[in-house]
Amino acid sequence: MALTLDIVTPEKRVLSVQVDEVRAPGVQGGFGVRLNHEPFMTALEPGRLTYVEGGREHHYAVGGGFLQVADNRVIVLADTAEAAGEIDVERARKAFEDAQNRLLQLTEQDEGHSAESARVRRAAARLTVAGR
Amino acid sequence: MPSLRDIRNRIGSVRSTRQITKAMKMVSAAKLRRAQDAVLKTRPYAILLDQTLSRLAARAAAEEQVAHPLLAPRDQRTAEVVVVTSDRGLAGGFNSNICRFVQRFLTENGDRFERIALSTVGKKGREYFKARKLDIRKDYTGIHANLAYEKAEALAREATERYLAGEVDTVFLAYNEFKSAISQKPVVVQLLPIDTSAAAADTAGIDFRYEPSREALLAELLPRHVAMQVWRALLESAASEHGARMSAMESATKNAEEMIASLSLQYNRARQAYVTKELMEIVGGAEALK
């Protein structure tokens with residue numbers, strides 16, 4: 001008996017595996033899910049999502065979204081999701097710097113400020129996850 | 001009677017046309033496969049998102065809570081139609097079908113609204129409505145060149161913001177729905193306010209713990225639902241476009257082949273006539289010498 005983890009994004013199904021544990025960045029702090037977790041639904045921050053399977057950790061960079069747990073099934077509706085190994089560190093760094101520069105040009109009243117700041121946080125999350 | 005050389009030249013030109021249409025057909029077939037694949041890939045997310053949404057919305061409705069503004073219909077005085085067309089032509093009736101469809105929609109619904117604004121995605125739609133002197137509120141360009149979810153999200157966000165600011169009371173999305181490689185159907189769907197009546201109410205009632213709160217989750221989910229609808233429309237339209245172009249190019253190739261066949265026949269007849277005429281002249285000449 002194990003947890004089933006599904007990660008889906010608008011562009012594709014990223015992952016569907018049996019795991020022992022999931023750790024995710026909730027909006028109210030990081031949390032872990034193991035077998036027989038209570039039914040739970042939360043929004044996710046951009047950050048690192050980790051699952052443990054057979055003692056091995058696998059890392060993913062998720063760009064915000066939702067996670068729900070019910071009946072030992074974990075469903076992640078992520079805006080973006082990439083395996084740590086698939087991220088190009090150089091490109092991630094460049095994307096992060098570009099987004100940061102663009103954000104600095106905007107004030108909080110500007111239209112697109114929140115979108116841009118979300119982009120910065122997503123890029124930052126990718127960069128940290130790729131860094132390992 | 002065209003000369004032998006004229007016919008030969010025409011055959012040559014039709015042949016090269018056939019080659020081009022044939023190549024375009026192959027390219028479209030390959031692109032169609034990829035586009036279809038992209039549509040299928042969005043399914044898991046779309047299904048799970050709808051499921052989650054109806055769970056949240058049904059529960060909110062059951063407890064008679066204040067609905068989210070994106071869910072609440074209001075007096076509909078102004079509307080906006082976003083038309084999805086393609087950037088490129090040579091796709092049979094793909095663009096004109098959807099444009100005519102939208103024009104009919106505008107006339108039919110003219111009485112329902114004080115004002116209907118029009119936005120276009122794709123060059124062909126812009127050209128069509130511009131030629132008919134209709135005002136285009138916004139032309140979203142460069143969406144097809146590099147189709148990505150982010151662009152759908154941006155379009156959806158703008159529509160949502162305009163809706164929430166009260167600039168528009170309802171937003172429709174018009175696009176070619178992908179039926180099969182050879183058939184597309186122009187459709188108009190209501191993007192805003194979100195219509196959840198169709199969503200199967202999931203009252204199975206798992207008692208979730210919500211973080212930060214159910215209302216906050218709903219507020220996060222709804223914009224994604226809107227973005228997903230836009231994204232699906234863009235992908236369906238892309239698949240339809242390639243399908244339409246493929247069949248248009250297939251019939252163009254067939255027509256070229258028929259034309260080549262009839263021109264060849266004409267060519268051979270003309271040549272035969274020419275040979276016969278030469279022979280007659282020779283025979284006539286020989287006869288005269290006797």
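Say whether the condition of being at negative phi and part of a loop (DSSP other than H, G, I, E, B) is met by at least one residue in the range A:55-77. Full working, then the answer.
Quick first cut of the range A:55-77, residues at negative phi only: A:56-63, A:66-70, A:73-77.
Next, from what is left, pick out any that are part of a loop (DSSP other than H, G, I, E, B): none.
No; the residues of the range A:55-77 include none that is at negative phi and part of a loop (DSSP other than H, G, I, E, B).
The set of residues in the range B:34-50 that are within 9 Å of chain A (Cβ to nearest Cβ) and touching a residue at least 12 places away in the same chain (Cβ under 8 Å) comprises B:A38, B:T42, B:Y45, B:A46, B:L49. Consider A:L127 carefully, then state whether it is assigned to a strand (DSSP E or B) and within 26 Å of A:Y51 (Cβ to Cβ). So A:L127 does not fit the description; no. Among the residues of the range A:75-96, just one is farther than 27 Å from A:G32 by Cβ and within 14 Å of another protein chain (Cβ to nearest Cβ), namely A:A95.
Restricting attention to the range A:103-132, the residues that are more than 14 Å from chain B (Cβ to nearest Cβ), surrounded by 14 or more Cβ atoms within 10 Å (Cβ to Cβ) and within 23 Å of B:R162 (Cβ to Cβ) add up to 1.
Scanning the range A:42-74 for residues that are surrounded by fewer than 20 Cβ atoms within 10 Å (Cβ to Cβ), of a type outside the set (G, A, S) and at the interface with chain B (Cβ under 9 Å from one of its Cβ atoms) yields one hit, A:D71. Identification of strands (runs of 3 or more DSSP E) wholly contained in the range B:73-162 with 3 or more residues that are under 20 Å from the mean Cα position of the chain (by Cα) and at pLDDT 90 or above yields B:78-84, B:115-121.
Return a yes/no flag: does the range A:92-108 have any residue that is under 14 Å from the mean Cα position of the chain (by Cα) and outside any helix (DSSP H, G or I). No, there is no match, as no residue in the range A:92-108 is under 14 Å from the mean Cα position of the chain (by Cα) and outside any helix (DSSP H, G or I).
In the range B:247-265, what residues are of a type outside the set (G, A, S), buried (at least 16 other Cβ atoms within 10 Å of the Cβ) and over 18 Å from B:S28 (Cα atoms)? Of everything in the range B:247-265, those that are of a type outside the set (G, A, S), buried (at least 16 other Cβ atoms within 10 Å of the Cβ) and over 18 Å from B:S28 (Cα atoms) turn out to be B:M259, B:I260, B:L263.
Can we say A:V52 is in the same structural domain as A:P25 (by TED's automatic domain parsing) and under 14 Å from the mean Cα position of the chain (by Cα)? So A:V52 does not fit the description; no.
Can you tell me which residue in the range A:1-21 is nearest to the other protein chains (Cβ to nearest Cβ), limited to those that are among the hydrophobic types (A, V, I, L, M, F, W, C) and out of contact with any Phe, Trp or Tyr (no Cβ under 8 Å at 6 or more places or on another chain)?
Within the range A:1-21, the first condition is being among the hydrophobic types (A, V, I, L, M, F, W, C), and the residues that meet it are A:1-3, A:5, A:7-8, A:14-15, A:17, A:19.
From what is left, the residues that are out of contact with any Phe, Trp or Tyr (no Cβ under 8 Å at 6 or more places or on another chain) are A:1-3.
Working: A:M1: 19, A:A2: 20, A:L3: 16 Å.
Per the criteria, the residue is A:L3.
The values are calculated or read from the model by the stated rules, or taken from the named source; none is laboratory data. Since the model is a prediction, treat every value here as computed from it, not as a measurement. Counting neighbours? That spans all protein chains shown, and the Cβs are built from the backbone with ideal geometry, glycine included.
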